[in-house]
Structures are given as structure tokens and as C-alpha cells.
1. Beta carbons within 10 angstrom, averaged per residue: use that to sort the peptides A:565-572, A:519-526, A:371-378, A:121-128, highest first.
2. Lone cysteines in chain A, defined as no other cysteine's Cβ under 4.7 Å from theirs: which are they?
3. Let me know the shape class of the range A:296-335, please: from the alpha-carbon gyration tensor, a ≥ b ≥ c as square roots of the eigenvalues, rounded when a/c is under 1.5, otherwise prolate if a/b is greater than b/c, or oblate.
4. Would you work out the charge dipole size for the range B:75-182 about its Cα centre, treating the Cβ of every Lys and Arg as +1 and the Cβ of every Asp and Glu as -1, and quote it to the nearest 20 debye?
5. For the range A:70-159, what class follows from the C-alpha gyration tensor (a ≥ b ≥ c being the square roots of its eigenvalues): rounded when a/c is under 1.5, otherwise prolate if a/b is larger than b/c, else oblate?
6. Could you work out the relative contact order of the range A:337-480? I mean the mean sequence separation of Cα pairs under 8 Å and 6+ apart, divided by the number of residues, in percent.
7. Quick check: from the Cα gyration tensor, does chain B come out rounded (a/c under 1.5), prolate or oblate?
8. Compute the separation of the alpha-carbon centres of the range A:337-376 and the range B:27-67 and state it in Å as a whole number.
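Coordinate-derived values only; no laboratory data. The model shown is predicted, which means the values in this text are computed figures rather than measured ones. Here the Cβ positions follow ideal geometry from the backbone for every residue, glycine too, while neighbour counts run over all protein chains shown.
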Amino acid sequence: MKEKIISIIESYGRTSGRLMDILLSVQAEFRCVSEEAVSLIASELGVSEADVNQTKTFYHFFTTKPVGKYAVYMNNSVTSVMKGMYDVVDEFEKQAGIKFGQTTPDGLLSLNYTACIGMSDQEPAALINNVVFTELTRDKVRKIYSDMRDGKPVEAMFNEFGDGNNANQLVKTMVKNNIRRRGNVTLGEYEVGKGLTKALSMSSQEVIDEIKNSNLRGRGGAGFPTGLKWQFCSKETGDKYVMCNADEGEPGTFKDRVLLTERAHMIFEGMAVAGYAIGAKEGVLYLRHEYKYLKAFMESVLAELRNKNILGNNILGKGFNFDIRVQFGAGAYVCGEESALIESSEGKRGEPRNRPPFPVQRGYNAKPTVINNVETFCSVVKIIENGSAWYRGMGTEESAGTKLLSISGDCKMPGVYEIEWGMTIADMLQMVGAEDVQAVQVAGPSGICLPPSQFNRKIAIEDLPTGGSMIVIGANRDLIKDVVLNFMEFFEDESCGSCVTCRSFNMILRKQVKKVVDGRGIKSDLDNMLAWGEIMRKTSRCGLGQTASNPVSTTIKNFLDLYNARVKDAEYQSDFDMHKAIEESCEVVGRPANIHE
Amino acid sequence: MSKPIIATASLAGCFGCHMSILDIDDRILQLIELVEFNKSPIDDIKTFTKQCDIGIIEGGCCNSENVHVLKDFRKNCKILISLGECAIMGGLPAMRNGIPVKECIEEAYLDGPTVGENKERILPNDEELPIILDKVYPLHEIVKIDYYLPGCPPRADLIWKAVVALATGDELNIPYELVKFD
Ligand SMILES: Cc1cc2nc3c(=O)[nH]c(=O)nc-3n(C[C@H](O)[C@H](O)[C@H](O)COP(=O)(O)O)c2cc1C
Ligand code: SF4
Ligand code: SF4
């Protein structure tokens with residue numbers, strides 16, 4: 001073990017800044033990062049064990065005990081549950097004879113849940129040894145389990161691949177693109193290198209001005225004007241970085257997955273344009289671990305771009321140097337938050353930073369850094385190529401251009417749609433073949449749950465801003481139990497725990513929702529939930545805590561009747577159950593669990 | 001109007017909150033002018049002899065008897081107050097909440113460094129003894145609580161002001177320093 005770990009550490013240049021990569025390699029090699037491994041890594045890197053453990057314990061995919069030879073991570077997001085996850089779970093448990101959270105005694109198989117893996121259009125989906133399995137059924141599980149018993153490698157368990165680059169030799173995944181609609185920007189015509197060539201014929205400031213004039217706003221969800229961000233960063237001096245946020249963790253979004261698969265060149269080209277504009281030489285693509293199946297492919301694209309001199313030194317003969325490396329996450333939604341993403345890329349826990357300073361002032365390695373979403377970088381390439389006026393010609397006054405939507409849930413045609421900003425929800429529902437709709441969850445759990453009375457609202461930054469996640473919730477769903485409770489469980493799991501309010505109130509809100517679902521809620525519970533949600537919003541450091549109460553607050557606001565039908569009009573209701581509360585201790589001391597009152 | 005009647009109890013607490021009640025110093029003389037005490041460790045009345053107006057409780061519930069006393073207070077008092085961190089949140093005793101009951105009991109009676117002779121490894125299980133609960137509960141999870149006085153212990157001035165306000169019906173005016181400790 002020792003030699004192997006040391007060679008892994010060597011391969012990452014013995015720097016603690018690459019701790020994430022070291023831990024990922026150790027986990028992959030030994031199926032765990034044991035306490036011994038932690039000691040060894042600490043002493044080799046010259047840091048304390050606590051430093052290594054801090055990082056290790058933060059991420060979902062690092063384990064102290066070995067996972068099974070086949071490690072199943074079942075996605076338990078809302079759409080997975082909608083599409084029959086519990087049947088799949090039941091079949092896995094039956095076949096393996098263990099429960100989720102356990103490993104078979106022979107070490108063959110471990111079963112665990114994980115948050116949204118970016119496959120909401122083809123659920124139920126799971127990762128098995130980092131390989132994606134989609135549209136699982138009981139039959140498929142039986143077949144997978146028998147293959148496991150036969151010792152087949154996971155890659156050999158299927159032979160049909162998805163469309164486009166999903167079938168590429170370096171990818172070979174069953175994942176489908178499900179591109180349902182192409183617009184003129186990110187999924188339209190694209191010729192490698194054209195945008196960058198044009199950018200390099202302009203001055204850096206001209207590039208920034210072009211992006212500013214295009215009114216492009218960040219596609220990761222927050223909608224910050226991209227040109228302005230670049231302008232701020234360009235004014236700083238010294239070394240700088242460009243980072244691409246490919247963490248795509250918001251449940252229900254998967255459009256970056258499609259861009260990574262079909263527009264990898266374009267993403268890297270966009271990063272190079274940004275590098276040229278702000279004066280950076282290095283870029284980092286932060287890719288979520290769930291998309292590990294794209295690793296070899298992304299690296300081959302980087303190699304190809306270096307060959308074509310679109311990356312590397314003296315790019316296209318214009319004296320500009322820029323290169324990119326891929327950094328993997330290890331399972332943590334909060335790492336999509338830009339400052340947490342930086343911390344994670346530096347090998348630390350993915351805890352958001354206090355701002356200011358903003359990343360454009362002090363970002364990666366304490367240097368000025370521009371972070372943008374995958375789709376933002378793709379848009380940049382086309383804006384440079386065709387000009388800002390062309391871009392502004394699409395969309396609405398305040399929201400220029402096109403937007404990729406990831407549409408999933410109760411509809412006939414889930415998938416990725418490139419639309420111009422400004423489409424109404426009603427038109428969107430028609431486009432995806434959704435009927436009898438109870439609600440649309442706009443922008444994922446951290447967004448809003450929209451009732452039919454508001455389906456005339458527009459998908460646009462000025463009305464319904466979104467990173468693209470749209471989950472259609474049919475009339476037959478139990479909105480509070482199937483959706484709100486699931487979202488609160490998600491936030492409770494994913495809070496990084498730094499802020500007291502986000503750490504506690506997510507748990508408390510989840511418990512309150514459960515209380516309502518179980519029929520034990522009272523009217524004042526609803527007022528409490530709203531008040532506590534507001535406190536969490538006002539006192540949390542990052543967007544996670546600031547929006548985590550939205551599932552509760554937007555449904556109480558928009559679907560009050562559903563709550564009222566479930567809560568009692570009582571002044572007080574206790575959940576305390578004396579018999580349950582004394583059971584255990586009576587057993588321990590050996591006395592009958594009788595209570596004389 | 002006759003004097004309001006007060007009852008108090010200490011459940012899973014350290015009596016620090018009761019000490020803080022006594023910390024009102026010579027105002028205790030005014031207090032007995034203002035109110036009458038019923039069941040309370042302060043006057044050693046063990047059971048309720050009449051319906052009370054205000055119940056003040058220190059400590060959370062760690063055993064079946066605490067629950068019993070708490071419910072008795074709810075029945076006999078018009079207004080119930082959680083006094084101090086332990087009553088409001090479980091406090092120090094609730095530190096055991098993350099530890100299985102079995103481990104807690106074994107640590108206390110068998111394995112702890114301060115356990116004396118217990119060769120037969122006896123665990124207290126006489127039917128007369130209160131039964132330990134699976135965890136320590138804050139009061140409001142078991143009965144309705146009307147007011148909360150924070151602190152560990154709450155400052156004597158806070159208790160004084162709260163009781164006077166309830167007894168006289170005057171508005172309660174709490175300076176920031178009385179409830180914020182940062
Ligand atoms: C909890 C949380 C998760 C986030 N996840 C992502 C993500 O997966 N992808 C993304 O691009 N932005 C995400 N963001 C937004 C980023 O912080 C940041 O605003 C964005 O990457 C900036 O790029 P843009 O301006 O191009 O959108 C997240 C924010 C929060 C608070
Ligand atoms: S709001 Fe939540 S996720 Fe964000 S920093 Fe605070 S605890 Fe962490
Ligand atoms: S709150 Fe503090 S003073 Fe009061 S009982 Fe608890 S530990 Fe003792």
C-alpha cells in the first residue's frame with residue numbers, strides 16, 4: 001500500500017494543493033481512504049492528519065471503510081423517486097440481501113444513496129464504480145447483480161451506448177444526450193477555433209467590451225453580468241486564473257452534462273477567450289465526480305486543442321499562452337458555489353468563503369480569478385464570433401440570448417432544450433408534452449415551486465431566473481411528501497455546516513415538514529416554518545443557506561391548501577411518546593417498560 | 001385582585017437557575033409582597049395545594065419523573081415558563097443525546113473511572129426509580145410552554161423583571177444586555 005500511495009502523491013507533485021486528486025486516486029485504488037492512508041498522506045505532504053481528515057470527511061465519495069468491489073450509489077433525487085427509484089432500491093436490497101447504507105459481508109457490493117447525479121432525464125439512475133447506469137428497472141438490477149456475481153467489470157455489463165459523443169471510444173456510456181431543441185448559440189453550428197481566432201485579433205479590452213455589450217449574464221443561476229466580472233478581474237494585476245464551474249449539482253439540471261459531452265472544445269475555447277481578456281495563463285475546469293466518465297474524453301480534447309495550438313504556448317501565433325487542467329470534485333453540492341469550488345480546488349473542504357474579497361480580487365491560490373458556468377463560456381465563443389448585436393437580437397430586453405433548459409419529471413419529452421429567454425412556462429409545458437401539471441419547480445430546489453395560476457410567467461432573468469432546472473410535477477404527486485420533503489433532506493445533507501442557521505434550520509425544517517406529512521402538524525407550525533426560513537435566509541453566508549428554505553416557503557405561499565388539509569387547528573401538539581422514550585433504557589437495565597401515571 | 005401564585009421546579013438542571021432566582025437579593029422581600037409561593041423547592045411545598053398562576057421550570061426532561069412533574073405543572077399552572085438553557089434546549093445534560101443510552105448507563109454504573117465497587121455489575125432497575133429517557137428533551141417538546149427566559153443561568157434581573165411584569169401586568173422592558181451574552 002505504502003509504495004502505491006507514495007507514487008500517487010509523487011504524481012501530483014507532492015503538493016497539498018492537490019489533496020483532492022490524491023484522495024480520489026487513493027479511494028479508487030483501495031476502495032477507501034483508511035486511517036493508515038491518512039497518516040501516510042499527511043506525513044508525506046508535511047501537513048497534519050487533521051488537515052487531511054478535514055478534506056476527506058467533507059466529501060461524499062471518500063470513505064474510511066472499503067466500499068464494495070461494486071460500489072452502487074443510487075440517485076435519490078426527486079425525479080429518480082418519481083420514476084420508480086423505490087422499486088430499484090427494493091430489488092437491489094433483495095438481490096444483495098443487505099440494506100442501503102451497507103456492504104455485503106463478502107465485500108462484493110455496497111449500496112448507498114447519493115444526491116442528483118445529473119441524469120434527471122433518464123431516471124432512475126445510479127453510479128456503479130463511477131459508471132453511469134440509467135433508466136434502471138427491477139429486471140436490469142437482476143441482470144446487473146448476476147453480472148456482479150460473475151465478476152464482470154462494470155464496463156462490460158452493457159453494450160448499447162448513448163448518442164453523439166456518448167458512444168465515443170473514450171466515453172462509451174449509456175447516457176443519452178436527449179437534445180430536443182437546438183438554438184443558435186450553444187447547441188447551434190460550431191466550428192472549433194473560430195471564436196478564439198477572432199478574439200486574438202482584438203485587444204483584450206475590445207473582447208471585454210464585446211461581452212459587456214452582449215448583455216451576457218452568468219448561466220450558473222445567479223445571473224451576474226459576465227463582461228463586468230471580467231472587467232473587474234482585468235483591472236487586477238499579477239497572475240490570474242480562469243475557472244469553469246462544471247459542478248452542476250442543482251437537482252434537476254443536466255444541461256452542462258450535454259455541453260461537456262458535445263461542446264467540450266467550445267467550453268475550453270471560451271475559457272481561453274476569458275484568459276486572453278483578463279490576462280490569465282491558466283485555467284481549471286472543476287468537474288463534478290459524477291461526470292468522471294468524461295475524464296479521458298475531456299483530456300483527449302485538451303490534447304487535441306494543444307495540437308491545434310488553440311491551447312498551449314503562443315496560441316495561433318499571437319503570443320498568448322494559456323492551458324487548462326481538469327479538477328475533479330468528490331461529491332458535494334456546495335462546491336458549485338464559486339468560493340467553495342475554489343477551496344475545493346485547493347485541496348480543502350468545500351466551505352464557502354466570506355466575501356469580500358470576491359474571487360475576482362482573491363480567488364484560486366489567492367490570485368484574481370474569473371469563474372463562469374459551462375454554458376456561459378460556450379455563449380462567449382459565439383458572441384465573439386457573431387458579435388454582441390447578433391446576440392442581443394435574441395431573448396428579451398434584459399435577458400439576451402438563449403438559455404439551455406434541463407427539463408425533467410412528469411412530461412413526455414424530458415431533455416435539453418435551447419430556447420430564447422422569454423418563453424412562458426405554459427409554452428414550455430406544451431413543448432415538452434406535459435399535461436395535467438400540478439406545479440413546475442423552476443430553478444431546482446433552491447428556486448420556486450410555481451402553481452398553474454402563474455404559468456403565464458416568463459423564463460427570463462427579470463421574471464423567472466433559472467440556471468435551467470425545470471422539474472414538472474404532475475397532478476398525481478403528493479407535493480409536500482414527494483417533493484418538499486425530498487428537497488429538505490437534500491439541503492440538510494448538503495449544508496457545509498459553517499453557519500449555525502443553515503446547519504440547524506435545514507434539519508429543523510425537514511423535521512417540521514415530516515411532521516406535517518405524518519399528520520401531526522398544527523397551524524402554528526406553518527408560521528414557524530416561514531419565520532425560521534426567513535432567519536436562515538438572512539443569516540447564512542452563501543446561496544445554499546440563503547435559498548434552502550424556498551421549497552418550504554414557496555409551497556406554503558403557493559399551495560397553502562395542501563398544507564391546511566394536513567395540519568390540525570390545535571394550539572399545541574406534542575410528538576413525545578413516553579413508551580418509545582423509555583423502551584431502550586428499560587431493556588439496558590433489565591426492568592419492565594411500565595409507566596404508572 | 002389576590003396575589004398571583006407561583007410554583008417552581010428543577011428537573012434535569014443543576015439548580016443554578018433557582019440560585020439565580022435567589023440572586024434577586026433583597027428584592028425577595030418585595031417578591032413575597034407581590035406573589036404567593038406554592039409547590040417549590042424555595043418553600044419546600046412538595047405537592048400542589050391549589051391552582052397556580054405561574055409555573056417556572058428549570059432543566060429539561062431526562063427521566064420519566066421529570067415528564068410526570070412537567071405535565072403536573074402544565075395542569076396546575078395557567079402560565080408556564082422555561083427557565084434557562086436546560087429547560088429551553090436541554091443544555092448540558094443533552095450532551096448525552098448523541099450517545100446510545102446503553103453506553104451512558106454503562107459508563108455511569110460500570111465502566112466510568114469514578115465507579116467504585118460494582119463487582120456484580122448491577123444496574124439500577126428498581127421499579128421505584130424513575131426511568132431514564134432515550135434522550136434529554138427540552139420542555140416545549142412535551143408540553144406547551146408560554147414564555148422562555150434564556151441564560152445559563154438567566155440573570156436575576158431578567159427573572160425579576162419577568163415575574164414582576166406577569167404579576168403586575170406592566171409591560172416587560174428588557175435591556176439588550178440581559179438576554180444577549182456575546
Ligand atoms: C449552493 C450553490 C451551488 C451552486 N452550484 C453551481 C453549479 O453547479 N454550477 C454553476 O455554474 N454555478 C453554481 N452556483 C453559482 C456559482 O456560485 C457562481 O455564481 C457561478 O458559477 C458563476 O458563473 P456564471 O456567472 O457564469 O453563472 C452555485 C451557487 C450556490 C450558492
Ligand atoms: S449557508 Fe450553509 S452551505 Fe453556505 S456557508 Fe453557511 S452553512 Fe455552508
Ligand atoms: S440552565 Fe444553566 S444554571 Fe440553569 S439548570 Fe441548566 S446548567 Fe444549571
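1. A:371-378, A:121-128, A:519-526, A:565-572
2. Cys with no partner Cβ under 4.7 Å: A:C32, A:C116, A:C233, A:C244, A:C335, A:C378, A:C411, A:C449, A:C496, A:C542, A:C586.
3. Verdict is oblate for the range A:296-335.
4. With only Lys, Arg, Asp and Glu charged at Cβ, the dipole is about 340 debye.
5. Details: a/c = 1.64, a/b = 1.33, b/c = 1.23.
Because a/c hits 1.5 or more and a/b exceeds b/c, the range A:70-159 counts as prolate.
6. 18 percent
7. prolate
8. Centre-to-centre distance over Cα atoms comes out at 56 Å.
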